[in-house]
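Asks: Just passing along the structure, written as C-alpha coordinates.
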Amino acid sequence: MRLRHEAVIAQRQGPGPGPAAVPVEYAVAVDRYLAEASLGPASRRVYRISLTSWAWALVGRPVPPGAQRRGAVPPVVPLALLDQAEARARLAAALADRGAGADARTVNRELSALRSAVGWWQDQRWITQDPTAGLRHRAGPAAPAAPLTGGQVAELFQTTAALREHAFWRVIYDSAAHVDDVLALDAGRLDLRGGRAPLAPPAGPAGWIRWRDSTSQVLGWLLAGRTYGPVFLTDRRAPARAAAADVCPVTGRARMSYRRAAEIFTSATRPLDPAGRGWTLGQLRQAGREACAAAG
(Lines give C-alpha, C1' and ligand atoms only; values in the text may rest on other atoms or scores of the structure.)
Protein backbone atom coordinates (compact mmCIF):
# COMPACT_ATOMS: atom_id res chain seq x y z
CA MET A 1 0.00 0.00 0.00
CA ARG A 2 2.92 2.34 0.74
CA LEU A 3 4.36 1.71 -2.74
CA ARG A 4 1.00 2.46 -4.26
CA HIS A 5 0.78 5.71 -2.28
CA GLU A 6 4.24 6.81 -3.45
CA ALA A 7 3.31 6.06 -7.05
CA VAL A 8 0.17 8.17 -6.68
CA ILE A 9 2.26 11.07 -5.30
CA ALA A 10 4.71 10.85 -8.19
CA GLN A 11 1.85 10.92 -10.67
CA ARG A 12 0.24 13.91 -8.93
CA GLN A 13 3.46 15.91 -8.94
CA GLY A 14 3.90 15.56 -12.69
CA PRO A 15 7.07 16.31 -14.63
CA GLY A 16 7.49 19.93 -13.40
CA PRO A 17 10.53 22.06 -14.00
CA GLY A 18 12.64 20.37 -11.32
CA PRO A 19 12.99 19.80 -7.57
CA ALA A 20 12.66 23.51 -6.78
CA ALA A 21 9.17 23.70 -8.28
CA VAL A 22 6.34 24.65 -5.92
CA PRO A 23 4.45 21.43 -5.10
CA VAL A 24 0.78 21.30 -6.03
CA GLU A 25 -0.18 18.51 -3.63
CA TYR A 26 -0.12 18.52 0.15
CA ALA A 27 1.40 15.02 0.14
CA VAL A 28 4.32 16.18 -2.00
CA ALA A 29 4.87 19.19 0.28
CA VAL A 30 4.98 16.79 3.24
CA ASP A 31 7.66 14.74 1.49
CA ARG A 32 9.71 17.86 0.74
CA TYR A 33 9.46 19.06 4.34
CA LEU A 34 10.48 15.71 5.81
CA ALA A 35 13.41 15.48 3.41
CA GLU A 36 14.80 18.76 4.79
CA ALA A 37 13.81 18.41 8.47
CA SER A 38 16.48 17.57 11.06
CA LEU A 39 14.74 14.42 12.27
CA GLY A 40 15.91 10.94 13.15
CA PRO A 41 14.32 7.95 11.40
CA ALA A 42 11.86 7.29 14.25
CA SER A 43 10.79 10.93 14.55
CA ARG A 44 10.49 11.22 10.77
CA ARG A 45 8.10 8.25 10.74
CA VAL A 46 5.98 9.78 13.54
CA TYR A 47 5.86 13.13 11.74
CA ARG A 48 4.79 11.47 8.50
CA ILE A 49 1.94 9.65 10.21
CA SER A 50 0.80 12.84 11.94
CA LEU A 51 0.99 15.02 8.82
CA THR A 52 -0.74 12.42 6.69
CA SER A 53 -3.62 12.23 9.16
CA TRP A 54 -4.30 15.97 8.71
CA ALA A 55 -5.02 15.39 4.99
CA TRP A 56 -8.47 14.04 5.82
CA ALA A 57 -9.24 17.01 8.05
CA LEU A 58 -8.28 19.49 5.32
CA VAL A 59 -10.99 18.11 3.03
CA GLY A 60 -13.54 17.77 5.83
CA ARG A 61 -13.42 13.99 6.10
CA PRO A 62 -12.84 11.90 9.25
CA VAL A 63 -9.64 9.89 9.60
CA PRO A 64 -10.33 6.16 9.04
CA PRO A 65 -10.63 4.47 12.44
CA GLY A 66 -8.42 1.75 13.86
CA ALA A 67 -6.68 -0.64 11.50
CA GLN A 68 -8.41 0.93 8.48
CA ARG A 69 -6.19 3.99 8.85
CA ARG A 70 -2.98 2.04 8.23
CA GLY A 71 -3.99 0.83 4.78
CA ALA A 72 -5.97 3.86 3.66
CA VAL A 73 -4.72 6.11 0.85
CA PRO A 74 -4.97 9.76 1.94
CA PRO A 75 -7.25 12.05 -0.07
CA VAL A 76 -5.91 14.37 -2.74
CA VAL A 77 -5.37 17.78 -1.10
CA PRO A 78 -4.23 20.81 -3.13
CA LEU A 79 -1.60 22.64 -1.10
CA ALA A 80 -3.34 25.93 -1.95
CA LEU A 81 -6.23 24.77 0.24
CA LEU A 82 -4.16 25.73 3.29
CA ASP A 83 -4.45 29.38 2.23
CA GLN A 84 -8.25 29.26 2.20
CA ALA A 85 -10.36 30.39 5.17
CA GLU A 86 -12.14 27.06 5.60
CA ALA A 87 -8.86 25.24 6.27
CA ARG A 88 -8.55 26.70 9.78
CA ALA A 89 -12.15 25.83 10.68
CA ARG A 90 -11.72 22.27 9.43
CA LEU A 91 -8.50 21.81 11.38
CA ALA A 92 -10.12 23.22 14.54
CA ALA A 93 -13.02 20.78 14.22
CA ALA A 94 -10.65 17.87 13.61
CA LEU A 95 -8.52 18.90 16.60
CA ALA A 96 -11.60 18.88 18.85
CA ASP A 97 -12.67 15.45 17.57
CA ARG A 98 -9.17 14.09 17.99
CA GLY A 99 -8.98 15.47 21.52
CA ALA A 100 -12.09 13.56 22.50
CA GLY A 101 -10.51 10.21 21.73
CA ALA A 102 -6.77 10.61 22.35
CA ASP A 103 -4.52 11.76 25.17
CA ALA A 104 -3.27 15.36 25.29
CA ARG A 105 0.32 14.40 24.54
CA THR A 106 -0.61 12.65 21.28
CA VAL A 107 -2.89 15.45 20.12
CA ASN A 108 -0.31 18.12 20.95
CA ARG A 109 2.41 16.20 19.13
CA GLU A 110 0.27 15.96 15.99
CA LEU A 111 -0.54 19.67 16.12
CA SER A 112 3.13 20.56 16.64
CA ALA A 113 4.11 18.48 13.60
CA LEU A 114 1.63 20.36 11.44
CA ARG A 115 2.75 23.74 12.78
CA SER A 116 6.38 22.93 12.03
CA ALA A 117 5.55 21.90 8.47
CA VAL A 118 3.34 24.96 7.89
CA GLY A 119 6.11 27.27 9.13
CA TRP A 120 8.61 25.66 6.76
CA TRP A 121 6.20 25.87 3.82
CA GLN A 122 5.67 29.56 4.57
CA ASP A 123 9.43 30.08 4.60
CA GLN A 124 9.54 28.49 1.12
CA ARG A 125 6.69 30.85 0.11
CA TRP A 126 4.56 27.92 -1.00
CA ILE A 127 1.69 29.20 1.17
CA THR A 128 1.05 32.61 2.71
CA GLN A 129 -1.45 31.84 5.50
CA ASP A 130 -1.06 29.85 8.72
CA PRO A 131 -4.16 27.63 9.08
CA THR A 132 -2.95 26.52 12.53
CA ALA A 133 -3.08 30.07 13.94
CA GLY A 134 -5.38 30.16 16.95
CA LEU A 135 -5.32 26.39 17.49
CA ARG A 136 -4.27 25.67 21.05
CA HIS A 137 -2.52 22.71 22.59
CA ARG A 138 -4.64 20.66 24.97
CA ALA A 139 -3.96 21.15 28.65
CA GLY A 140 -2.68 18.04 30.35
CA PRO A 141 -0.42 16.97 33.19
CA ALA A 142 3.22 17.38 32.26
CA ALA A 143 6.35 17.37 34.36
CA PRO A 144 8.43 20.52 33.96
CA ALA A 145 11.49 19.98 31.79
CA ALA A 146 14.83 20.31 33.54
CA PRO A 147 16.89 23.45 32.84
CA LEU A 148 19.79 23.01 30.44
CA THR A 149 23.10 22.22 32.11
CA GLY A 150 26.17 24.38 31.71
CA GLY A 151 27.61 21.81 29.32
CA GLN A 152 24.46 21.81 27.22
CA VAL A 153 24.46 25.61 27.02
CA ALA A 154 28.10 25.51 25.90
CA GLU A 155 27.17 22.98 23.19
CA LEU A 156 24.31 25.20 22.09
CA PHE A 157 26.56 28.23 21.58
CA GLN A 158 28.97 26.13 19.51
CA THR A 159 26.37 25.10 16.93
CA THR A 160 26.40 26.44 13.38
CA ALA A 161 23.03 28.16 13.71
CA ALA A 162 22.39 31.53 12.07
CA LEU A 163 23.62 34.77 13.65
CA ARG A 164 20.02 35.76 14.46
CA GLU A 165 19.52 32.59 16.50
CA HIS A 166 22.79 32.96 18.41
CA ALA A 167 21.98 36.57 19.32
CA PHE A 168 18.43 35.64 20.39
CA TRP A 169 19.51 32.66 22.49
CA ARG A 170 22.30 34.62 24.18
CA VAL A 171 19.96 37.42 25.22
CA ILE A 172 17.53 34.90 26.72
CA TYR A 173 20.29 33.09 28.60
CA ASP A 174 22.04 36.24 29.86
CA SER A 175 18.87 38.02 30.94
CA ALA A 176 16.55 35.11 31.83
CA ALA A 177 13.83 37.38 30.42
CA HIS A 178 10.53 36.14 29.06
CA VAL A 179 10.81 35.07 25.43
CA ASP A 180 8.02 37.46 24.41
CA ASP A 181 9.92 40.38 25.96
CA VAL A 182 13.08 39.51 24.05
CA LEU A 183 11.16 39.20 20.77
CA ALA A 184 9.61 42.63 21.44
CA LEU A 185 13.01 44.36 21.44
CA ASP A 186 13.48 47.16 18.90
CA ALA A 187 16.84 48.21 17.49
CA GLY A 188 16.39 51.85 18.41
CA ARG A 189 15.94 51.04 22.11
CA LEU A 190 19.06 48.91 22.55
CA ASP A 191 21.93 50.24 24.64
CA LEU A 192 24.68 47.99 23.29
CA ARG A 193 27.43 49.80 25.20
CA GLY A 194 25.51 49.39 28.46
CA GLY A 195 24.28 45.88 27.64
CA ARG A 196 20.63 46.58 28.25
CA ALA A 197 17.24 47.60 26.79
CA PRO A 198 14.01 48.78 28.43
CA LEU A 199 11.11 46.37 28.53
CA ALA A 200 8.33 47.20 26.10
CA PRO A 201 4.96 48.36 27.55
CA PRO A 202 3.13 47.32 29.66
CA ALA A 203 6.17 45.89 31.51
CA GLY A 204 8.33 48.96 30.75
CA PRO A 205 9.72 51.46 31.13
CA ALA A 206 10.59 50.56 34.74
CA GLY A 207 12.02 47.15 33.84
CA TRP A 208 15.17 46.35 31.89
CA ILE A 209 16.61 43.41 29.98
CA ARG A 210 20.34 43.10 30.59
CA TRP A 211 23.06 41.00 28.93
CA ARG A 212 26.83 40.53 28.84
CA ASP A 213 29.34 42.46 26.72
CA SER A 214 29.92 39.44 24.48
CA THR A 215 26.20 39.37 23.67
CA SER A 216 26.27 43.08 22.81
CA GLN A 217 28.96 42.27 20.27
CA VAL A 218 26.81 39.54 18.66
CA LEU A 219 23.81 41.91 18.60
CA GLY A 220 25.96 44.54 16.92
CA TRP A 221 26.93 42.06 14.20
CA LEU A 222 23.28 41.15 13.72
CA LEU A 223 22.05 44.72 13.39
CA ALA A 224 25.00 45.82 11.20
CA GLY A 225 24.27 49.48 11.93
CA ARG A 226 20.46 49.23 11.73
CA THR A 227 18.94 51.57 14.34
CA TYR A 228 15.20 50.98 13.99
CA GLY A 229 12.67 48.21 13.55
CA PRO A 230 12.38 44.86 15.35
CA VAL A 231 15.68 43.28 16.37
CA PHE A 232 14.71 39.72 15.51
CA LEU A 233 13.14 39.40 12.05
CA THR A 234 11.65 36.56 10.03
CA ASP A 235 13.24 35.39 6.79
CA ARG A 236 10.36 36.60 4.65
CA ARG A 237 8.50 39.84 4.03
CA ALA A 238 5.71 40.78 6.40
CA PRO A 239 2.09 40.21 5.30
CA ALA A 240 0.04 43.27 4.44
CA ARG A 241 -1.97 42.94 7.66
CA ALA A 242 1.11 43.20 9.94
CA ALA A 243 1.28 46.17 12.32
CA ALA A 244 3.78 48.85 11.34
CA ALA A 245 5.65 48.41 14.64
CA ASP A 246 6.29 44.76 13.76
CA VAL A 247 7.82 45.45 10.34
CA CYS A 248 11.38 46.49 9.51
CA PRO A 249 11.12 49.62 7.30
CA VAL A 250 14.41 48.72 5.58
CA THR A 251 13.83 45.09 4.60
CA GLY A 252 10.04 44.82 4.92
CA ARG A 253 10.47 41.69 7.04
CA ALA A 254 8.29 40.94 10.05
CA ARG A 255 9.08 40.56 13.73
CA MET A 256 9.69 36.89 14.54
CA SER A 257 6.87 35.13 16.38
CA TYR A 258 7.18 33.03 19.52
CA ARG A 259 5.95 29.96 17.63
CA ARG A 260 8.59 30.26 14.94
CA ALA A 261 11.36 31.01 17.45
CA ALA A 262 10.41 27.95 19.52
CA GLU A 263 10.31 25.70 16.46
CA ILE A 264 13.73 26.85 15.28
CA PHE A 265 15.23 26.27 18.72
CA THR A 266 13.79 22.78 19.09
CA SER A 267 14.86 21.81 15.58
CA ALA A 268 18.39 23.17 16.07
CA THR A 269 18.84 21.37 19.40
CA ARG A 270 17.39 18.02 18.37
CA PRO A 271 20.84 16.65 17.40
CA LEU A 272 22.16 17.75 20.83
CA ASP A 273 19.37 16.11 22.82
CA PRO A 274 20.15 12.46 23.72
CA ALA A 275 16.39 11.79 23.63
CA GLY A 276 16.20 13.20 20.09
CA ARG A 277 13.29 15.52 20.90
CA GLY A 278 15.13 18.82 21.07
CA TRP A 279 15.11 21.37 23.89
CA THR A 280 12.76 24.26 24.63
CA LEU A 281 13.32 27.97 25.06
CA GLY A 282 11.86 27.57 28.56
CA GLN A 283 14.73 25.23 29.45
CA LEU A 284 17.25 27.79 28.16
CA ARG A 285 15.60 30.57 30.18
CA GLN A 286 15.60 28.45 33.34
CA ALA A 287 19.29 27.75 32.81
CA GLY A 288 19.84 31.49 32.54
CA ARG A 289 17.94 32.10 35.79
CA GLU A 290 20.11 29.58 37.61
CA ALA A 291 23.27 31.14 36.17
CA CYS A 292 22.12 34.61 37.22
CA ALA A 293 21.32 33.38 40.73
CA ALA A 294 24.72 31.69 41.05
CA ALA A 295 26.43 34.91 39.97
CA GLY A 296 24.46 36.92 42.50
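The values are calculated or read from the model by the stated rules, or taken from the named source; none is laboratory data. Remember, it's a predicted structure, so these values are computed and weren't measured experimentally. Positions of Cβ are backbone-derived with ideal geometry, glycine not excepted, and every protein chain shown enters the neighbour counts.
Asks: Take Q84 and tell me if it is at pLDDT 80 or above and crowded, with 16+ Cβ neighbours inside 10 Å. Outline the logic, then answer.
Replies: Working: at pLDDT 80 or above: yes; crowded, with 16+ Cβ neighbours inside 10 Å: no.
No.
Asks: Given the conditions (1) over 19 Å from R193 (Cα atoms); (2) not in a loop (DSSP other than H, G, I, E, B), which single one is not true for W221?
Replies: (1) is the only condition that W221 fails.
Asks: I've got another one for you. State whether one or more residues within the range 205-216 are without any contact (Cβ under 8 Å) to a residue 24 or more places away in the chain, more than 18 Å from H166 (Cα to Cα) and not in a loop (DSSP other than H, G, I, E, B).
Replies: Scanning the range 205-216, I find at least one residue that is without any contact (Cβ under 8 Å) to a residue 24 or more places away in the chain, more than 18 Å from H166 (Cα to Cα) and not in a loop (DSSP other than H, G, I, E, B), so the answer is yes.
Asks: Quick one: how many residues across the range 145-195 are charged (D, E, K, R), over 23 Å from E263 (Cβ atoms) and either in contact with a Ser or Thr (Cβ under 9 Å, 6 or more places away or on another chain) or not assigned by TED's automatic domain parsing to the domain that holds A254 (or both)?
Replies: Summing the residues that are charged (D, E, K, R), over 23 Å from E263 (Cβ atoms) and either in contact with a Ser or Thr (Cβ under 9 Å, 6 or more places away or on another chain) or not assigned by TED's automatic domain parsing to the domain that holds A254 (or both) in the range 145-195 gives 2.
Asks: Answer yes or no as to whether T234 is more than 25 Å from the chain's Cα centre (by Cα) and under 19 Å from L163 (Cα atoms).
Replies: On the way: more than 25 Å from the chain's Cα centre (by Cα): no; under 19 Å from L163 (Cα atoms): yes.
Taking the combined requirement at face value, the residue does not satisfy it.
Asks: May I ask you to list the residues in the range 173-193 that are touching a Gly at 6+ places or on another chain (Cβ under 6 Å), at negative phi and of a type in the set (A, V, I, L, M)? Before the answer, list the steps.
Replies: Within the range 173-193, the first condition is being touching a Gly at 6+ places or on another chain (Cβ under 6 Å), and the residues that meet it are 173, 176, 187, 192.
This time we only want the ones that are at negative phi, so: 173, 187, 192.
Across the range 173-193, the qualifying residues are A187, L192.
Asks: Go through the range 255-290 and report how many residues are closer than 17 Å to V179 by Cα, over 15 Å from the mean Cα position of the chain (by Cα) and not basic (K, R).
Replies: 6
Asks: Now for a separate question. Can you tell me which residue within the range 1-50, out of those that are among the basic types (K, R) and modelled with pLDDT under 85, is nearest to L81 (Cα to Cα)? Lay out the reasoning, then the answer.
Replies: Going through the range 1-50, the residues among the basic types (K, R) turn out to be 2, 4, 12, 32, 44-45, 48.
So of that shortlist, the ones also modelled with pLDDT under 85 come out as 2, 4, 12, 44-45.
On the way: R2: 24, R4: 24, R12: 16, R44: 24, R45: 24 Å.
Applying the filter and picking the extreme gives R12.
Asks: On the basis of being in a loop (DSSP other than H, G, I, E, B), surrounded by fewer than 18 Cβ atoms within 10 Å (Cβ to Cβ) and either in contact with a Phe, Trp or Tyr (Cβ under 9 Å, 6 or more places away or on another chain) or not assigned by TED's automatic domain parsing to the domain that holds F157 (or both), does P239 make the cut? Walk me through it before giving the result.
Replies: Values: in a loop (DSSP other than H, G, I, E, B): yes; surrounded by fewer than 18 Cβ atoms within 10 Å (Cβ to Cβ): yes; either in contact with a Phe, Trp or Tyr (Cβ under 9 Å, 6 or more places away or on another chain) or not assigned by TED's automatic domain parsing to the domain that holds F157 (or both): no.
In short, no.
Asks: Considering (1) free of Cβ contacts under 8 Å to residues at least 24 places away in the same chain; (2) buried (at least 17 other Cβ atoms within 10 Å of the Cβ); (3) in a helix (DSSP H, G or I), say which one D130 fails and leave the rest.
Replies: (3)
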